[in-house]
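The values are calculated or read from the model by the stated rules, or taken from the named source; none is laboratory data. All figures in this text were calculated on a predicted structure; none of them were measured in a lab. All Cβ positions, even for glycine, are placed from backbone atoms using ideal geometry, and neighbour counts span all protein chains on display.
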Amino acid sequence: MSLPKEHDYIGLTEPSSMENSSSSIVSTESEKNTVLNLKETELRLGLPGSDFLEKKAGTGISLFGKDLKDEGNNGFSQIPLKNLVSGAKRVFSDAIDGSGKWDFPINGGSEVDLGNGGSENTNTLQSSLAGPSGKEIGNRNPRKPVEEKKNDNNSAAPASKAQVVGWPPIRSFRKNTLATNLSKNNDDEGKSGVGSLYVKVSMDGAPYLRKIDLKTYCSYKELSSALEKMFSCFTIGHCASHGLPGQEHLRENCLKDLLHGSEYVLTYEDKDGDWMLVGDVPWEMFTDSCKRLRIMKGSDATGLAPRLGMKYQSKEIMKPRKV
Amino acid sequence: MQTDPNPKKSKDSPSNSDSTESTQSASPFPDDVLGKVLSFLNSDKDRSSVSLVCKDWYNAERWTRTKLFIGNCYSVSPEIVATRFPKITSVTLKGKPRFSDFNLVPQNWGADVHYWLVMFAKVYPFLEELRLKRMTVSDESLEILATAFPGFRALSLMSCDGFSTDGLKSVATHCRNLTELDIQDTDIDDFNGGWLSCFPENFGSLEVLNFASLDSEVNFDALERLVSRCKSLRVLKVNKSITLDQLQRLLLRAPQLMELGTGSFQQELLPGQFGDLESAFSNCKNLRTLSGLWEVTSVYLPVLYAACTSLTFLNLSYAALRSVEFGNLIAYCPNLRRLWVLDTVEDKGLEAVGSSCPLLEELRVFPADPFDQQLHRGVTELGFVAVSRGCSKLHYVLYFCWQMTNAAVATIVQNCPNFTHFRLCIMNPGRPDYLTNEPMDEAFGAVVKTCTKLQRLSVSGLLTDLTFEYIGKHAKNLETLSVAFAGSSDLGMQCVLEGCPKLRKLEIRDCPFGNAALLSGLEKYEKMRSLWMSSCNVTITACQQLAREMPRLNVEVMKDKESDDSQADKVYVYRSVAGPRRDAPPFVLTL
């Protein structure tokens, strides 16, 4: 049974590994990482309308999980989106009332179905809604993409989550409890919350750890220079013996030497709990799997890095090296 | 309490031998014998039937009824109840419509227990038990409760709001004979944990203590002493503030526990403590139910293994366990009948359930991250199928997932034809079968055709009227139906209203059902407890018509601020012998 390529509402293709439930979670996850269109998952801030239309032209995002352009003719009537709009209205009014229930998402893309419910729908929100929505949607395809509603007050939330009041049907107590649990887990495991990816960074010999947001860097170079700056204070002792203390540029140089030399090795713990050398895999893959970082003393790494470099020079196997 | 406005039993019914309907005539049974016989009746349905036989039986029944169950607090009034039933010792009251759990009902909607308690204080001084669900309870009400009923024993508050820990203080201080204090899923003002210290030092009658949903720290010494004193304690569910080593001390005091809700399971334990905890658990020979396990780290799961063998109910729905550690744990639980988990265990975890728990009857899989619209982790149809293969006794399922197929559901019900409760929530509204792209009609068709004992159904996914045709045609035992983002036209709802003879509760949101559908159920609603319709296509005019034609129904409408004047955004219809309610807030229009 072949999986038809399905786009969910943000255009992700479902990894084929979903079929193999018997395969270990590990490989499934790493497969997912490679199959996922990473650009799609990249969270970006953009002007309202820009992102969404771009996506829409391409894959056709549907709140309901299927690109409706393909199935416009399949004959079954769809749920009138007016109801979604009323859901949206409710959310909007909730936001105004400050009952603080649902954070209605703001993002690029403000296509709201103005419903087929008929003429009586003098939705006051219509006036505040932009764009192509009205004409395109019409009555034939009421399940057109309805993802975000444009708010005049652009909040900073970058995540494109369309949240309907009271859906999925989970009790408040459970929602609140899980939200706190989840944020704690995210802290620990470095999973992404809403566009941030905080991981702990430890350095051997340092009295305390630091935390950094991996999402603020786009490359290993940036990460490494940030870490250098962050942990330079712990290596002054070393530097002092090498050069004049208190001179910043010297300090930086020392640290670079320290990090790039054999003194310290930057490693990370991945989702499976293994300690890996930083730098082997593409940056996105790294941020996906990195749970925490450790600046390890070179002596602990027992020269594995250089030796392994030779062992794994073959390009066929892109497997990350284990430290 | 069932109020049936159309008594059906006639003089000739077999249960009534030769007595007539006159109050004076001699019945074959002396009153006290009849009373004695009827006092054995516990089921409300039976009692309802009995009370309809004749006046003698009606009277005998009302004098012998001690337990009152009111499924909708507005279906009857405190006065009516007080007049009819003089000898009540136990009351169960349910208030708000179920969709209030999901923020669809505004605050201050009603269902305040206060006037009930005032009436009870007058009429039922011997009240012993009060169980409330989705009611508003103020501290003042709790004060009345604590002081007006000297024999009061059991208080259970589920999904209630409106009170604070001050109210609990009153209860702890004054209820000398309290055996049960059970607070679940409750969002209250938790000022501090001092309420627990208000139990008097000589107080030791508790059998059930559940404060898991409260946040603040209680005085552990007071708790430990309380637990030691209460020799009959069989249910103890603590909150997150209780640490692992504290838990171990509690278990030492109460090895007789049958139900345990742990506190936080995340603490750095010294090696010795680990062993202590392990033996504390293995000493609890009677443990049948385990819950809590907040923030459990897998390192500590093995302490539970010894206790798992006797478990019949394991609630891991607040513990984000992964498939491997969960699989290891579940292998020790062969006697499970009920299992609640988070979808972090994934399909692989559910496969382990299928192979480890052959006696499983109930499974609930909750989403750890229900608003995760990107990665859609969690469980899929495969997990559900795996469980159905291994657990043929499964009859209750609540399953949250992001994808499902018609074929999978068909397989599932083939494996488990005895479903009584089938609640499937595909979290993306209106999502079709992800493999075939068809609506999920056939899935639910399979459910209702195969599972003849089905009492409760929640549908989701892309559904046309066909689903509802199936339901109306086959779901002859269906009592509760929940529908969201489904259907194509009025026909859908009409099929259900015409076809399901035992339907009691129908709750609908965001569906294209309109006035015709609403009005097609005119006759039906009096036989039901309630109907909820929100964000559908119903107008106020139609609701007014309904209210006019059916005077024994209360038709309430709540409007959204921006909507059209004619739209009835939220409609709540229920039968009542008490007439329109007098405490409706301004945003509730009673028609």
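Numbers at a glance
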quantity	calculated
Per-region count, region B:510-524, residues crowded, with 22+ Cβ neighbours inside 10 Å and among the acidic types (Asp, Glu)	1
Which numbered condition B:ASN428 fails, given (1) over 27 Å from B:SER392 (Cα atoms); (2) touching a helix residue (DSSP H, G or I) at 6+ places or on another chain (Cβ under 8 Å); (3) polar (S, T, N, Q)	(2)
Residue within region B:525-536 that is surrounded by 18 or more Cβ atoms within 10 Å (Cβ to Cβ), touching a Ser or Thr at 6+ places or on another chain (Cβ under 8 Å), over 30 Å from B:SER77 (Cβ atoms) and not aliphatic (A, V, I, L, M) present	yes
Count of residues meeting criterion [within 13 Å of chain A (Cβ to nearest Cβ), free of Cβ contacts under 8 Å to residues at least 40 places away in the same chain and not aliphatic (A, V, I, L, M)] in region B:341-363	8
Helices (runs of 4 or more DSSP H) completely within region B:35-116 that count 3 or more residues being small (Gly, Ala, Ser)	B:44-51
Any hit, region B:440-454, residues being surrounded by 24 or more Cβ atoms within 10 Å (Cβ to Cβ) and among the charged types (D, E, K, R)	yes
Set B:LEU196, B:LEU214, B:LEU251, B:LEU226: member being crowded, with 18+ Cβ neighbours inside 10 Å, closer than 20 Å to B:LEU311 by Cβ and not β-branched (Val, Ile, Thr)	B:LEU251
B:GLN403 within 28 Å of B:GLY445 (Cα to Cα), assigned to a loop (DSSP other than H, G, I, E, B), within 14 Å of chain A (Cβ to nearest Cβ) and in contact with a helix residue (DSSP H, G or I) (Cβ under 8 Å, 6 or more places away or on another chain)	yes
Which listed residue is part of a strand (DSSP E or B) and surrounded by 17 or more Cβ atoms within 10 Å (Cβ to Cβ), from B:LEU145, B:LEU155	B:LEU155
B:GLY461, sole failed condition from (1) more than 10 Å from every other protein chain (Cβ to nearest Cβ); (2) buried (at least 24 other Cβ atoms within 10 Å of the Cβ)	(1)
Scan of region B:477-496 for residues that are surrounded by fewer than 24 Cβ atoms within 10 Å (Cβ to Cβ), more than 21 Å from B:THR405 (Cα to Cα) and over 22 Å from the mean Cα position of the chain (by Cα), ordered by number	B:SER489, B:ASP490, B:LEU491, B:GLN494, B:CYS495
Sole exception among (1) at pLDDT 95 or above; (2) closer than 30 Å to B:PRO334 by Cα; (3) within 14 Å of chain A (Cβ to nearest Cβ); (4) buried (at least 22 other Cβ atoms within 10 Å of the Cβ) for B:GLY378, by number	(1)
Scan of region B:425-460 for residues that are small (Gly, Ala, Ser) and modelled with pLDDT of 95 or more, ordered by number	B:ALA443, B:GLY445, B:ALA446, B:SER458, B:SER460
Conditions (1) surrounded by 22 or more Cβ atoms within 10 Å (Cβ to Cβ); (2) within 24 Å of the chain's Cα centre (by Cα); (3) part of a strand (DSSP E or B); number of the one not met by B:ILE471	(3)
Condition check for B:PHE422: within 22 Å of B:CYS511 (Cβ to Cβ), surrounded by 22 or more Cβ atoms within 10 Å (Cβ to Cβ), within 12 Å of chain A (Cβ to nearest Cβ) and modelled with pLDDT of 95 or more	no
Every pair of residues 6+ apart whose Cβ atoms lie under 9 Å, when the first sits in region B:304-318 and is within 14 Å of chain A (Cβ to nearest Cβ) while the second is of a type in the set (Lys, Arg)	B:ASN315/B:ARG338; B:ASN315/B:ARG364; B:SER317/A:ARG174; B:SER317/B:ARG364; B:TYR318/A:ARG174
Pairs with Cβ under 8 Å, 6+ apart, first in region B:236-260 and at pLDDT below 95, second aromatic (Phe, Trp, Tyr)	B:ASN239/B:PHE211; B:LYS240/B:TRP294; B:ILE242/B:PHE220; B:LEU244/B:PHE265; B:LEU244/B:TYR300; B:GLN246/B:PHE220
